[in-house]
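**Student:** Structure in structure tokens, see below.
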Amino acid sequence: MTLPVQPSSEIIGEIVKNAEKYQQVVLCTYNANIYQSQIELIDKLSDMKIELHVISMRNPYDLHYAKKIENYVCIYEYTPNSVRALLEYLRGELIPKGMIPVSYE
């Protein structure tokens with residue numbers, strides 16, 4: 001499912017309703033620190049009884065605003081190579097090694 005960078009309340013509600021059908025959800029964000037409704041979506045999905053994976057496609061600052069994220073990866077760019085690496089990670093073929101270069105206090 002493709003989302004706008006600033007999903008409306010209606011779209012967020014639809015996503016949350018559809019997420020009830022799944023045990024695991026992968027959500028890709030793009031500058032959610034700027035487009036705050038993405039953070040609202042993360043928070044609502046985090047409150048559900050699902051395994052939520054948040055993939056930041058741009059920068060690591062999304063994690064600062066969405067404190068409930070347990071499974072978080074930042075790939076810093078949306079290029080074919082980074083998407084291939086993301087798919088390898090999601091299939092369990094790649095274990096990320098690294099630290100986000102910002103601190104959250």
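**Student:** Within the stretch 27-36, track down each residue that is surrounded by fewer than 17 Cβ atoms within 10 Å (Cβ to Cβ) and among the polar types (S, T, N, Q).
**Tutor:** Hits for the stretch 27-36 are Asn31, Gln36.
**Student:** Looking at the stretch 66-98 only, could you name the residues that are more than 23 Å from Leu45 (Cβ to Cβ) and touching a Phe, Trp or Tyr at 6+ places or on another chain (Cβ under 9 Å)?
**Tutor:** Ile95
**Student:** Scan the stretch 76-103 for residues that are touching a Pro at 6+ places or on another chain (Cβ under 9 Å) and closer than 19 Å to Tyr61 by Cα and jot them down.
**Tutor:** Tyr76, Ile100, Pro101, Val102, listed by residue number.
**Student:** Could you please tell me which pairs satisfy a Cβ distance under 6 Å, a separation of 6+ or placement on different chains, a first residue in the stretch 60-75 that is within 19 Å of Ser37 (Cα to Cα) and loosely packed, with under 15 Cβ neighbours inside 10 Å, and a second residue that is of a type in the set (Ser, Thr, Tyr) and modelled with pLDDT of 85 or more?
**Tutor:** Here the result reads Lys68/Ser46, each pair linking the stretch 60-75 to a residue that is of a type in the set (Ser, Thr, Tyr) and modelled with pLDDT of 85 or more.
**Student:** Kindly indicate which of Tyr78, Tyr35 is in a loop (DSSP other than H, G, I, E, B), under 17 Å from Met1 (Cα atoms) and either among the basic types (Lys, Arg) or without any contact (Cβ under 8 Å) to a residue 60 or more places away in the chain (or both).
**Tutor:** Values: Tyr35 fails: under 17 Å from Met1 (Cα atoms).
Answer to the selection: Tyr78.
**Student:** In the stretch 81-102, what residues are in contact with a helix residue (DSSP H, G or I) (Cβ under 9 Å, 6 or more places away or on another chain) and either in contact (Cβ under 8 Å) with a residue 24 or more places away in the chain or of a type outside the set (Val, Ile, Thr) (or both)?
**Tutor:** Glu93, Leu94, Pro96, Ile100, Val102
**Student:** Checking the structure you have, find out if any residue of the stretch 49-68 is at pLDDT below 90, hydrophobic (A, V, I, L, M, F, W, C) and not in a strand (DSSP E or B). Please lay out each step first, then the result.
**Tutor:** Step one: filter the stretch 49-68 for residues at pLDDT below 90, giving 59-68.
Now drop any that are not hydrophobic (A, V, I, L, M, F, W, C), which leaves 63, 66.
This time we only want the ones that are not in a strand (DSSP E or B), so: 63, 66.
Scanning the stretch 49-68, I find at least one residue that is at pLDDT below 90, hydrophobic (A, V, I, L, M, F, W, C) and not in a strand (DSSP E or B), so the answer is yes.
**Student:** If you don't mind, another one. Just the residues that are among the aliphatic types (A, V, I, L, M), under 24 Å from Ala85 (Cβ atoms) and either modelled with pLDDT of 95 or more or crowded, with 17+ Cβ neighbours inside 10 Å (or both), please, taken from the stretch 4-25.
**Tutor:** The first filter runs over the stretch 4-25 and keeps only residues among the aliphatic types (A, V, I, L, M), leaving 5, 11-12, 15-16, 19, 25.
Then keep just the ones that are under 24 Å from Ala85 (Cβ atoms); that gives 5, 25.
Once the filter is applied, which keeps residues that are among the aliphatic types (A, V, I, L, M), under 24 Å from Ala85 (Cβ atoms) and either modelled with pLDDT of 95 or more or crowded, with 17+ Cβ neighbours inside 10 Å (or both), the stretch 4-25 yields only Val25.
**Student:** If I filter the stretch 43-59 down to residues being within 21 Å of Met99 (Cα to Cα) and of a type in the set (A, V, I, L, M), which single residue comes out as surrounded by the most Cβ atoms within 10 Å (Cβ to Cβ)?
**Tutor:** Applying the first criterion (within 21 Å of Met99 (Cα to Cα)) to the stretch 43-59 yields 52-59.
From the residues that got through so far, the ones that are of a type in the set (A, V, I, L, M) too are 52, 54-55, 57.
Values: Leu52: 19, Val54: 25, Ile55: 20, Met57: 20.
Restricting to residues being within 21 Å of Met99 (Cα to Cα) and of a type in the set (A, V, I, L, M), the top hit is Val54.
**Student:** Still on this structure, I have one more. Scanning the stretch 81-103 for residues that are assigned to a helix (DSSP H, G or I) and of a type in the set (Gly, Ala, Ser), which turns out surrounded by the most Cβ atoms within 10 Å (Cβ to Cβ)? Steps first, please.
**Tutor:** So the first thing to find is which residues in the stretch 81-103 are assigned to a helix (DSSP H, G or I), and the list is 81-90.
If we keep only those that are of a type in the set (Gly, Ala, Ser) as well, we get 82, 85.
Details: Ser82: 14, Ala85: 16.
It comes out as Ala85.
The values are calculated or read from the model by the stated rules, or taken from the named source; none is laboratory data. The model shown is predicted, which means the values in this text are computed figures rather than measured ones. Quick reminder, even Gly has a Cβ in these numbers, built from the backbone with ideal geometry, and neighbours come from all protein chains shown.
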